[in-house]
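Below is one structure, written out as structure tokens; comments come after it.
What follows draws every value from the coordinates through simple rules; no lab data is involved. Quick caveat, the model's predicted, so the values are computed rather than measured. All Cβ positions, even for glycine, are placed from backbone atoms using ideal geometry, and neighbour counts span all protein chains on display.
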Amino acid sequence: MSDLDLFETDRLILSGWRFDQVDDLVRLHGSERATRYLTTRGVPYTRAQCEEAVASWIELFDTRQLGKLRVRRKSDGVMVGRAGFGIYPTTGEAEIGYTLYEEFWGQGFAKEAAAGLRDWFFANDKGEHFIGMAHVDNAPSRAVLEKIGMQKTHQAVDVYGLPCQFHILKRP
């Protein structure tokens, strides 16, 4: 593991970002299909938005070992997406999230990364709970939250203006 690697699962390595990896995020968040549940009307991220996101994740990783992380396959080092914890702006709570490149959808990587993050979060005393949310129409993402043990709390419009199902997971 490198100094940016946070932890590994059976098939994945989750690690922090470097500024020279912004192109990976541009490719990940650069299509309407990938962002349809992340942004209003599925508008892809601009390069400037990706640079800002990576900068904020690097800072959060450096200060709290949180932030959205690069997710790579152990077997060949190929990046499959990003997953990790942000800080939800309105409440300050840790918030789990994940996005995968389309070619890796349906292979269990999101659930594996999310379960690894759940276990890491509590094992490293990052808080008493974390939240997660998914667009009400994004059944696969909602299913991942539920498969890792999160409980539904309420439906509401999130800070980005999207209708979401909110979840919480409290320390066992």
Subtracting the Cα-Cα distance from 0.36 nm times the residue separation, let me have the gained length for T153 to T91 in nm, one decimal.
20.9 nm
Which residues qualify? For G81, with a placed amide H closer than 5 Å and at least 5 residues away or on another chain, they are V71, Y101
For region 128-133, just list the computed ³J(HN,Hα) in residue order, Karplus coefficients 6.51, -1.76 and 1.60, θ = phi - 60°, integers in Hz, with x standing in for Gly and Pro.
8, 6, 9, 10, x, 8
Going by how many other Cβ atoms sit within 10 Å of their own, how do I58, I87 line up, fewest first?
I87, I58
Helix-only estimate, please: 222 nm mean residue ellipticity of the chain, summing -39500 (n - 2.57) across DSSP H runs of length 4 or more and dividing by its residues, to the nearest 500.
-9000 deg cm²/dmol
What are the ³J(HN,Hα) values, in whole Hz, obtained from phi via the Karplus relation 6.51 cos²θ - 1.76 cosθ + 1.60 with θ = phi - 60°, for each residue of region 63-79 in sequence order, with x given for Gly and Pro?
8, 9, 6, 10, x, 6, 10, 6, 10, 10, 6, 5, 4, 9, x, 5, 6
Considering only DSSP states other than H, G, I, E and B, which chymotrypsin sites (Phe, Trp or Tyr not before Pro) in region 73-127 qualify as loop sites with at most 15 other Cβ atoms within 10 Å?
W105
DSSP-loop trypsin sites (Lys or Arg not before Pro) across region 10-75, with at most 14 other Cβ within 10 angstrom
R18, K74
Can you work out the Karplus-derived ³J(HN,Hα) for every residue in region 108-125? Use 6.51 cos²θ - 1.76 cosθ + 1.60 with θ = phi - 60°, whole Hz, and x for glycine or proline.
x, 5, 5, 5, 5, 5, 5, 5, x, 5, 4, 5, 4, 4, 6, 5, 9, 6
Counting only residues 5 or more apart in sequence or on a different chain, those whose built amide H sits under 5 Å from that of L6 are L14, S15, G16
Rounded, prolate or oblate for the chain? Axes are the square roots of the Cα gyration tensor eigenvalues, ordered a ≥ b ≥ c, and the cut-off for rounded is a/c under 1.5.
rounded
Considering only DSSP beta bridges where both residues belong to the chain, give the percentage that are antiparallel (nearest 5).
95 percent
Return the long-range amide H neighbours of K68 (sequence gap of 5 or more, or a different chain), with a cut-off of under 5 Å between placed amide H atoms.
F85
Alpha carbon centroid spacing (whole Å) that separates region 17-46 from region 111-150
21 Å
